[in-house]
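Report on the structure given below.
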Amino acid sequence: QVQLVESGGGLVQPGGSLRLSCAASGSIFSINAMGWYRQAPGKQRELVAVIISGGSTNYADSVKGRFTISRDNAKNTVYLQMNSLKPEDTAVYYCNTDIIDTTTWALRGYWGQGTQVTISS
């Protein structure tokens, strides 16, 4: 089995910063893409940022220049550094990783449990 554990959400004022972490554990053979999604109330889940195993990254236009995704392959962990936060960044943030596990040997996407990020004064 594979588990994803997220941390780092919270309440911050506009203009503030937060750093999210998502650690994968379990019967992992390899990890390909790692990404962050978010879902605001009444809206669909959207891609925020993704980083592939080679280090290439891609960001939603709404977060470019403010958010930075990174990964520590030794720790099977992906991070999302969020700066200059805005009220419209308020959402539940989910990590998603593409993992080949040693049980099924299939490439599957796994989701974290979600962490609430609230930007408010």
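The values are calculated or read from the model by the stated rules, or taken from the named source; none is laboratory data. Everything numeric in this text was worked out from a predicted model, so none of it was measured. With ideal geometry, Cβ positions are generated from the backbone for all residues, glycine too; neighbour counts draw on all protein chains shown. These accessible areas exclude ligands, DNA and RNA; they are computed on the full protein's heavy atoms, side chains included. Shrake-Rupley method; radii C 1.70, N 1.55, O 1.52, S 1.80 Å.
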When the dipole is taken about the Cα centre of the chain, and only Lys, Arg (+1) and Asp, Glu (-1) are charged at their Cβ, what size is it in debye, to the nearest 20? 140 debye
Please give the solvent-accessible surface of Phe29 in Å², to the nearest 10, using a probe radius of 1.4 Å with every protein chain present. 130 Å²
With an 8 Å Cα cut-off and a minimum separation of 6 or more residues, compute the relative contact order for region 49-121 in percent. 22 percent
Of Pro14, Pro41, Pro87, the most mobile residue in a GNM of the chain (C-alpha springs, cutoff 10 Å) is Pro41
Spelling out what I want: for every residue of region 50-61, take phi, set θ = phi - 60°, compute 6.51 cos²θ - 1.76 cosθ + 1.60 (Karplus), and round to whole Hz; glycine and proline get x. 9, 9, 8, 4, x, x, 5, 10, 8, 10, 5, 4
Could you rank Val63, Val92 by how accessible they are, 1.4 Å probe, largest area first? Val92, Val63
Counting DSSP beta bridges with both partners in the chain, what percentage is antiparallel, nearest 5? 95 percent
What FRET efficiency do you get for Lys43 and Leu11 if R0 is 25 Å and r is their Cβ-Cβ distance, rounded to the nearest 0.05? 0.80
Give me the 1.4 Å probe accessible area per residue for region 14-121, excluding ligands and nucleic acids, in Å². 51 Å²
FRET efficiency for Asp61 and Leu107, using Cβ-Cβ distance with R0 set to 35 Å, rounded to 0.05: 0.80
Working out 0.36 nm times the residue gap between Ser53 and Asp72, then minus their Cα-Cα distance, what length gain in nm do you get to one decimal? 5.8 nm
State the extension gain, in nm to one decimal, for the chain segment bounded by Ser120 and Gln1, taking 0.36 nm per residue of separation less the distance between their alpha-carbons. 39.1 nm
From the Cα trace of the chain, what convex hull volume per residue do you get, rounded to a whole Å³? 93 Å³
Protein accessible area in the chain, 1.4 Å probe - carbon and sulfur %: 48 percent
